[in-house]
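Asks: One structure is given below, represented as structure tokens, and several questions about it will come after.
The values are calculated or read from the model by the stated rules, or taken from the named source; none is laboratory data. These numbers come from a predicted model, not from an experiment. Positions of Cβ are backbone-derived with ideal geometry, glycine not excepted, and every protein chain shown enters the neighbour counts. The protein model used for the area step is the full one, side chains on, heavy atoms only, and it has no ligands, DNA or RNA in it. Shrake-Rupley method; radii C 1.70, N 1.55, O 1.52, S 1.80 Å.
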Amino acid sequence: MTVGSGLFVTFEGGEGAGKSTQIRLLADALRQAGRPVLTTREPGGSPGAEATRHVLLSGAAQPFGTRMEAILFAAARSDHVEEVIRPALAQGTIVLCDRFLDSSRVYQGVTGNLEPPFIEALERVAINGVMPDCTIIFDLPASVGLERVRRRAATPDAQTGEEVELDRFEKEELDTHEKRREAFLDIAAADPRRCHVIDAAAQPDAIAASVLSIVEAALESHGGNGHGGSEAAQ
Ligand code: TYD
């Protein structure tokens with residue numbers, strides 16, 4: 001079964017890996033080539049999911065436990081899938097999403113210690129058959145990523161002049177971030193057809209070139225403009 005002719009690409013990895021810059025560069029390159037592109041992010045991406053984003057990233061849900069947080073991430077994902085991602089794919093758009101289900105597998109599943117059947121059940125409900133065609137994993141030593149995030153937080157925001165606060169997940173210990181890095185690499189090793197690992201310590205233009213060639217190859221295997229396979233078999 002297929003959602004439509006769009007291609008669904010997700011971007012994953014630890015903190016400070018440079019995903020958002022690369023998503024912007026890729027979107028520009030694809031648009032210049034005349035392709036329809038939608039960029040979006042999680043948690044968020046739809047009005048309902050954006051309303052949940054602050055609850056999750058501020059740490060407001062943390063006292064209620066990882067299970068509660070995992071359900072909230074899944075609720076946000078479900079809304080995002082049904083309101084934004086599925087309709088865009090049905091119209092033949094290339095959807096570039098900053099984080100998706102692999103973040104829940106890693107942050108809530110592996111480092112949140114939630115049992116796999118619980119995570120799998122939430123995932124099934126949340127994505128409702130909309131599986132990424134291609135996932136690009138930005139790999140970086142956790143110490144380097146955290147250093148980037150902390151430097152960014154110490155630099156006042158250009159518009160407001162305020163310092164940016166670290167979010168609930170960025171504040172966690174280095175060894176937790178290292179476990180996440182390993183968990184993303186494990187996911188990539190288990191699903192090499194979907195997942196591509198990028199060295200996020202490389203030069204930005206070299207990373208941009210690699211990302212573009214991965215996505216062009218994915219477009220090619222979907223029939224040149226993303227035909228097919230965004231809907232997983234149920
Ligand atoms: P954000 O500032 O949007 O993104 P990034 O770190 O990608 O620049 O923060 C999102 C945070 O939420 C990030 O620390 C990862 C976490 N997260 C989860 O724990 N589970 C999830 O399912 C998703 C989508 C994100």
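Asks: For n ≥ 4 DSSP H runs only, could you compute -39500 (n - 2.57) per run for the chain, divide by its residues and tell me the 222 nm figure to the nearest 500?
Replies: On the way: 8 runs with 105 residues, N = 234.
The per-residue figure over the chain is -14500 deg cm²/dmol.
Asks: If I stretch the segment between VAL55 and SER213 completely, what's the gain in nm (0.36 nm per residue apart, minus their alpha carbon distance), one decimal?
Replies: That pair, VAL55 and SER213, stretches by 53.2 nm at full extension.
Asks: A further question on this structure: Per residue of the stretch 63-76, what does 6.51 cos²θ - 1.76 cosθ + 1.60 with θ = phi - 60° give for ³J(HN,Hα)? Whole Hz please, x for Gly and Pro, Karplus curve as stated.
Replies: For the stretch 63-76, the Karplus-derived couplings read x, 8, x, 5, 4, 4, 4, 4, 5, 5, 4, 5, 4, 4 Hz, x marking Gly and Pro.
Asks: Treating only the Cα positions of the stretch 136-218 as identical point scatterers, give the base-10 log of I(q)/I(0) from the Debye formula at each q in 0.13 Å⁻¹.
Replies: Computed log10 I(q)/I(0) values: -0.55.
Asks: A further question on this structure: Ignoring any ligand, DNA or RNA, what whole percent of the accessible area of the chain comes from carbon and sulfur when the probe is 1.4 angstrom?
Replies: Details: 5930 of 11180 Å².
Looking at the chain in its full context, I get 53 percent from C and S.
Asks: A further question on this structure: I need the calculated FRET efficiency for the pair ALA206 and GLU162, taking r as the beta carbon distance and R₀ as 25 Å, to the nearest 0.05. It would help to have the intermediate numbers written out before the result.
Replies: On the way: r = 33 Å, r/R0 = 1.34.
With R0 = 25 Å, the Cβ-Cβ based efficiency is 0.15.
Asks: Highest first, please rank the peptides 51-61, 160-170 by the mean number of other Cβ atoms sitting within 10 Å of their residues. Write down the numbers at each step before the final one.
Replies: Details: 51-61: 15.5, 160-170: 13.2.
For the peptides 51-61, 160-170, the packing ranking is 51-61, 160-170.
Asks: What accessible area per residue comes out for the chain, rounded to a whole number of Å², with a 1.4 Å probe?
Replies: Numbers: 11180 Å² over 234 residues.
Dividing the accessible area of the chain by its residue count gives 48 Å².
Asks: P(r) for the chain, please, calculated from all Cα pair distances in 10 Å bins and given in %.
Replies: 8, 32, 39, 19, 2
Asks: So if each residue of separation counts as 0.36 nm, and I subtract the Cα-Cα distance between GLU83 and ASP199, what length gain in nm does that give?
Replies: On the way: separation 116, 0.36 × 116 = 41.76 nm, distance 3.27 nm.
Going from the current span to full extension adds 38.5 nm.
Asks: Relative contact order (percent) for the chain, with alpha-carbon contacts under 8 angstrom and 6 or more residues of separation?
Replies: Numbers: 406 pairs, mean separation 80.8, N = 234.
Relative contact order for the chain comes out at 35 percent.
Asks: On a full-extension model of 0.36 nm per residue, what is the gain between GLU147 and GLU173, subtracting their alpha-carbon distance, rounded to one decimal in nm? Please list the in-between numbers first.
Replies: Details: separation 26, 0.36 × 26 = 9.36 nm, distance 1.23 nm.
So the extension gain works out to 8.1 nm.
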